[in-house]
């Protein structure tokens, strides 16, 4: 039970004032309160910072994955590691948080509190970038789009566009701009 910014202990009313200084900041007391169901704040994020997979449903954001999209992406995600503690973070919520950051342009630290902790989300994003998961997801989605358009899964040809460049034998302040017709000296300082 919450009472004016402090936790109530078992058998105490929120306004009784019998909580000792020793119990107020004591993690054992706080853990005991959480086990008794007296705080909703601790039910959402355990002490480890992990986001529980059995958390209460949250408000849906426009960037969230639909069930169909999740069914496509879920098999592409890495399986849990067999060694060590079991995974306690919901990867769908991690993806939803990443897509939220990408669609809104907000900072990692500005993620709403109903997503997993920002450090967890950021770490998964960088880990997946390093191990090539994003490229794998992109390739799988590209194949699905091509098959849906009745094309071969892999493209047979590609086109590369490059900017034309011209170099001189000697280095200097003279540059080349393909958009300009005259070949006068380029200004070294803006006027």
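Every number here is computed from the coordinates shown, using simple stated rules; none is lab data. Just so it is clear, the structure is predicted and the values come from calculations on it, not from any experiment. Neighbour counts are summed over all protein chains in view; Cβ atoms, including those assigned to glycine, are modelled from backbone coordinates with ideal geometry.
Check whether at least one residue in the stretch 115-124 is without any contact (Cβ under 8 Å) to a residue 40 or more places away in the chain, surrounded by 11 or more Cβ atoms within 10 Å (Cβ to Cβ) and not in a helix (DSSP H, G or I), and report yes or no. No, the conditions are met nowhere in the stretch 115-124. Apart from one condition, residue 65 fits all of (1) more than 25 Å from residue 143 (Cβ to Cβ); (2) in a loop (DSSP other than H, G, I, E, B); (3) in contact (Cβ under 8 Å) with a residue 12 or more places away in the chain; the exception is (1). Within the stretch 129-153, being surrounded by 12 or more Cβ atoms within 10 Å (Cβ to Cβ), free of Cβ contacts under 8 Å to residues at least 24 places away in the same chain and under 17 Å from the mean Cα position of the chain (by Cα) holds for one residue alone: 134.
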